[in-house]
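Trainee: Attaching a single structure in structure tokens format; questions to follow.
The values are calculated or read from the model by the stated rules, or taken from the named source; none is laboratory data. Since the structure is predicted, the reported quantities are computational estimates derived from the model, not experimental observations. So basically every Cβ, Gly included, is an ideal-geometry build from the backbone, and we count neighbours across all protein chains shown. For accessibility, only protein heavy atoms count, side chains too; no ligands or nucleic acids. Shrake-Rupley method; radii C 1.70, N 1.55, O 1.52, S 1.80 Å.
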Amino acid sequence: MSVIADYQDELLGGMLTTIQLSIVTFPLAFVLGVLLSVLRLCPVPLLRAVGTAYVEVVRNAPVLVLIAVIVFGLPEVGLTIPLFTCVVVGLSMYFACYVCETVRSGIRSVSVGEIEAARALGLATSAVFRTVVLPQSLRSMVQPLATIFINIVLGSALGAAMGVHELTGTVRSVNLLEAQPILCFALAGLGYLVMTLTIGHTAGVIERRVRVVR
Amino acid sequence: MTDRPPLVALDGVNKYFGSLHVLRDVTLSVGRGEVVVIIGPSGSGKSTLCRSINRLEPIDSGTIAVDGVPLPAEGRALAALRADVGMVFQSFNLFAHKTILDNVTLGPVKVRKLPRREAEQRARTLLDRVGIADQAGKMPAHLSGGQQQRAAIARALAMEPKVLLFDEPTSALDPEMINEVLDVMTSLARDGMTMIVVTHEMGFARRAADRVLFMDGGRVLEAGSPQEFFDNPQTDRARDFLSRVLHH
């Protein structure tokens, strides 16, 4: 058990890096995902095709491959950015696909009748979207978005493969020095569990508060 | 009075759903304060006709004018026109995430730019008028169907519309709730509201209509006073329809 005491600062630092990766990635993935869903729902065929192509290509590549392409590809074109940023960009690009599909189905879940009622009142298209479509679809998206957030936290472990010392990377280094794999990786698992349970619980609280009774 | 244009005027309106010709050369003029009830079998085009008047269904040819103004294409001008044309739907379509009071104030606040306080005052008066003042703070799902539909009527009235469209307002209701909605509609008719009502409620048509339209196959086959139509229908199709709906 001395591993915990000896490497306390490193382990906490690793966890902090994981939290930073996730907290920066989630909003980026959300914004990019919403933009993609706008493309995929837009009446212009070309823009719709762009949205669909993005989702189909990026979603069907392993995240690790995507991150590797960014890490090794960007320097090729003369762009050197920190590894941390590469991982954030890769995770954001990937999970934006999931956000996009979640937003799309959330918007589809809003009753057509209510949209018609809003139009019949004389609300302009943008006002219909703001007052009826968005508030209702966001409510139905709380849990799926939390699942995406959890997947981002877990997916950030791939940073370890690219030399970012987040939780998994730190634990791996500690294990190389101490040769206590079970204890080390169990510790990492516990760390992830604390983060993901927190997200799941928060989502539950939010959902209960904004639930729409039908 | 006579020099003012009719409130709603349809002229030679045609509409297709794919190859299906759902409105065939429909011409109709509705005057101020008039209550027109449209009846007919399902699939006769009566709901489509009702929905075309505020362009929830765009038409393929012909013209529709409300208060002398031809229906604009999609955009700000159409939204402005819709604000003056109230609509009550078969499935109520109250906004599920808003209280009854907020459902009624949404239009006046967002479209008419009325101060919230004033809009709420007016909403409460209207909810009282339709008999559900005590439900103002509840969510739509907590109300009965009849109460929801009366709230929907209050929501439409809050815009002070020139004309109210009713698209089968009682078809989704349990029998015992139909009357509470029809009573509200009858009182509106009596107060001089211009109304176009698609319904299967023959009793309401007899009691409240100034004119009854009978539609079948996308055409208006008969138009006349309730007495003329119910006591002496002119077409076989109308006689057949009435014998089916009145004798059971």
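Trainee: Suppose we keep only residues that are part of a loop (DSSP other than H, G, I, E, B) and buried (at least 16 other Cβ atoms within 10 Å of the Cβ) within region B:113-130. Which one would you say is nearest to the other protein chains (Cβ to nearest Cβ)?
Mentor: The selected residue is B:114.
Trainee: Another question, if that's okay. Return yes when residue B:44 is modelled with pLDDT under 95, among the hydroxyl-bearing types (Ser, Thr, Tyr) and open to solvent by 50 Å² or more (accessible area, probe 1.4 Å) and no when it is not.
Mentor: Values: modelled with pLDDT under 95: yes; among the hydroxyl-bearing types (Ser, Thr, Tyr): yes; open to solvent by 50 Å² or more (accessible area, probe 1.4 Å): no.
Taking the combined requirement at face value, the residue does not satisfy it.
Trainee: Going by the conditions given, is residue A:67 within 14 Å of chain B (Cβ to nearest Cβ), in a helix (DSSP H, G or I), surrounded by 15 or more Cβ atoms within 10 Å (Cβ to Cβ) and of a type outside the set (Gly, Ala, Ser)?
Mentor: For residue A:67, the condition - within 14 Å of chain B (Cβ to nearest Cβ), in a helix (DSSP H, G or I), surrounded by 15 or more Cβ atoms within 10 Å (Cβ to Cβ) and of a type outside the set (Gly, Ala, Ser) - is not met.
Trainee: Only one residue in B:156, B:151 is within 11 Å of chain A (Cβ to nearest Cβ), part of a helix (DSSP H, G or I) and either crowded, with 23+ Cβ neighbours inside 10 Å or modelled with pLDDT of 95 or more (or both). Which one?
Mentor: Exactly one of B:156, B:151 is within 11 Å of chain A (Cβ to nearest Cβ), part of a helix (DSSP H, G or I) and either crowded, with 23+ Cβ neighbours inside 10 Å or modelled with pLDDT of 95 or more (or both), namely B:156.
Trainee: Still on this model: Is it the case that some residue within region B:50-63 is crowded, with 17+ Cβ neighbours inside 10 Å, at the interface with chain A (Cβ under 8 Å from one of its Cβ atoms) and either in contact with a strand residue (DSSP E or B) (Cβ under 9 Å, 6 or more places away or on another chain) or basic (Lys, Arg) (or both)?
Mentor: Scanning region B:50-63, I find at least one residue that is crowded, with 17+ Cβ neighbours inside 10 Å, at the interface with chain A (Cβ under 8 Å from one of its Cβ atoms) and either in contact with a strand residue (DSSP E or B) (Cβ under 9 Å, 6 or more places away or on another chain) or basic (Lys, Arg) (or both), so the answer is yes.
Trainee: Count, please, the residues in region B:66-77 that happen to be among the hydrophobic types (A, V, I, L, M, F, W, C) and surrounded by fewer than 17 Cβ atoms within 10 Å (Cβ to Cβ).
Mentor: 3
Trainee: Please state which one of B:185, B:193, B:177 is crowded, with 18+ Cβ neighbours inside 10 Å and at pLDDT below 95. Working first, answer last.
Mentor: Details: B:185 fails: at pLDDT below 95; B:193 fails: at pLDDT below 95.
Of B:185, B:193, B:177, the one residue that is crowded, with 18+ Cβ neighbours inside 10 Å and at pLDDT below 95 is B:177.
Trainee: Also: So is residue B:169 within 29 Å of residue B:9 (Cβ to Cβ), touching a residue at least 40 places away in the same chain (Cβ under 8 Å), open to solvent by less than 10 Å² (accessible area, probe 1.4 Å) and more than 9 Å from chain A (Cβ to nearest Cβ) or not? So that I can check it myself, show each step before the final result.
Mentor: Numbers: within 29 Å of residue B:9 (Cβ to Cβ): yes; touching a residue at least 40 places away in the same chain (Cβ under 8 Å): yes; open to solvent by less than 10 Å² (accessible area, probe 1.4 Å): yes; more than 9 Å from chain A (Cβ to nearest Cβ): yes.
Yes; evaluated as a whole, the condition is true for this residue.
Trainee: Moving to a separate point now. For region B:89-102, give me each residue that is open to solvent by less than 40 Å² (accessible area, probe 1.4 Å) and either facing another protein chain (nearest Cβ under 9 Å) or among the hydroxyl-bearing types (Ser, Thr, Tyr) (or both). Don't jump to the end; show me each part of the working.
Mentor: The initial filter retains those residues of region B:89-102 that are open to solvent by less than 40 Å² (accessible area, probe 1.4 Å), namely B:89, B:92-97, B:99-101.
Within region B:89-102, B:89, B:92, B:93, B:94, B:95, B:96, B:97, B:99 meet the criteria.
Trainee: If you go through region B:1-40, how many residues are of a type in the set (S, T, N, Q), surrounded by 14 or more Cβ atoms within 10 Å (Cβ to Cβ) and over 24 Å from residue B:169 (Cα atoms)? Lay out the reasoning, then the answer.
Mentor: Initially, region B:1-40 is screened for residues of a type in the set (S, T, N, Q), giving B:2, B:14, B:19, B:27, B:29.
Okay, now just the ones that are also surrounded by 14 or more Cβ atoms within 10 Å (Cβ to Cβ), so B:14, B:29.
Filter again for over 24 Å from residue B:169 (Cα atoms), leaving B:14.
The qualifying residues number 1.
Trainee: Still on this structure, please answer the following. Being within 14 Å of chain B (Cβ to nearest Cβ) and within 30 Å of residue B:111 (Cβ to Cβ) is the requirement here; does residue A:108 meet it?
Mentor: Details: within 14 Å of chain B (Cβ to nearest Cβ): no; within 30 Å of residue B:111 (Cβ to Cβ): yes.
No: the conditions fail for residue A:108.
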